[in-house]
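One structure is given here, and the rest of the page talks about it.
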Amino acid sequence: MVVLNRNRFVDEAVMEYASAHSSGPDDVQAALREVTRERTGQAASMQIGDDQAVLMEIIARAMGARRAVEVGTFTGYSALALARGMGPQGRLLCCDVNEDWTAIAREHWVQAGVSDRIDLRLGPAIDTLRALPADELFDLAFLDADKTGYAAYYAEIVPRLRTGGLLLADNTLQHGRVLDAEADDESTVAIRAFNDQTASDPRIRSVLLPIGDGVTFLQKV
């Protein structure tokens, strides 16, 4: 089975070797990837890679995560990974605005047997997050939505992370544009500021890894 990864910053031969020695997608995941390509066109590039999905599943399982939140669900591949990793007792809150794309997600969550673990709420994610009880705590969070909103989502999620909880933020390298002082598009400017903010936040320990388009791992201390 061909494994899809989105690594932009790793030598191709190393990437192929790593993929060949990593767990790949199962039938439901492979089908979801194909349906996403067929139904969403160029937007399919927003889907996380197979390697990232496996990593997220492993992290959720290793943490014993039982409560998680995702901002930006798209067609549900990352949510499927998290829900599997958390197991039957886990509960994942998904925030998105696109009914058509998340319909694909719902269909494949059912096929994977994890739909009862996922609460999908359609509407602006910032409104969903702000409406949560102040004392509601999450073990794990995944941020993969509009980049200009990252700072606001971060501000709502971090206080709701338990001590030792993780927040994973996707696309934090922006195809490498964060390194280009002349790159001034809204997403790059927002992510550059987000990266500076999280690197200096005393509440957090962070590491930015060149997986896919950059994934920052942030742990609340």
Using the C-alpha gyration tensor of the stretch 113-221, what are the square roots of 5 times its eigenvalues, in whole angstrom, with the largest one first?
24, 16, 14
From the Cα centre of the stretch 166-202 to that of the stretch 65-100, the distance in Å is 23
Amide H contacts under 5 Å for Gly165, placed H, 5+ residues apart
Lys220
Counting Lys and Arg as +1 and Asp and Glu as -1, each charge on the Cβ, what is the dipole of the chain about the Cα centre in debye, to the nearest 20?
820
With the 1.4 Å probe rolled over protein heavy atoms, the chain has an accessible area per residue in Å² of 47
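How much length, in nm to one decimal, is gained on full extension between Asp180 and Asp201, taken as 0.36 nm per residue of separation minus their Cα-Cα distance?
5.2 nm
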Mind checking the full-extension length gain between Arg8 and Glu34? Use 0.36 nm per residue of separation minus the Cα-Cα distance, one decimal, nm.
7.3 nm
Grab the beta carbon distance between Ala131 and Arg162, set R0 = 22 Å, and tell me the FRET efficiency rounded to 0.05.
0.65
For the stretch 56-154, what class follows from the C-alpha gyration tensor (a ≥ b ≥ c being the square roots of its eigenvalues): rounded when a/c is under 1.5, otherwise prolate if a/b is larger than b/c, else oblate?
oblate
Can you bin the chain into rounded, prolate or oblate? Criterion: square roots of the alpha carbon gyration tensor eigenvalues sorted a ≥ b ≥ c, rounded for a/c under 1.5, prolate for a/b above b/c, oblate for the rest.
rounded
Counting only DSSP loop positions in the stretch 120-221, the trypsin sites (Lys or Arg not before Pro) whose Cβ has at most 16 other Cβ atoms within 10 Å are Arg203
Report, to the nearest whole %, how much of the accessible area of the chain belongs to carbon and sulfur atoms, 1.4 Å probe, protein only.
52
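Sort the stretch 169-221 into rounded, prolate or oblate with this rule: let a ≥ b ≥ c be the square roots of the eigenvalues of the Cα gyration tensor; rounded if a/c is under 1.5, and if a/c is not under 1.5, prolate when a/b is larger than b/c, oblate otherwise.
In terms of gyration-tensor shape, oblate.
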Only helices at least 18 Å long along their axis, Cα-based, and averaging 0.5 or more on Kyte-Doolittle count here, so list those DSSP H runs from the chain.
50-63
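The values are calculated or read from the model by the stated rules, or taken from the named source; none is laboratory data. These figures come from a predicted structure and were not determined experimentally. With ideal geometry, Cβ positions are generated from the backbone for all residues, glycine too; neighbour counts draw on all protein chains shown. Heavy atoms of the whole protein, side chains included, go into the accessibility calculation; ligands, DNA and RNA do not. Shrake-Rupley method; radii C 1.70, N 1.55, O 1.52, S 1.80 Å.
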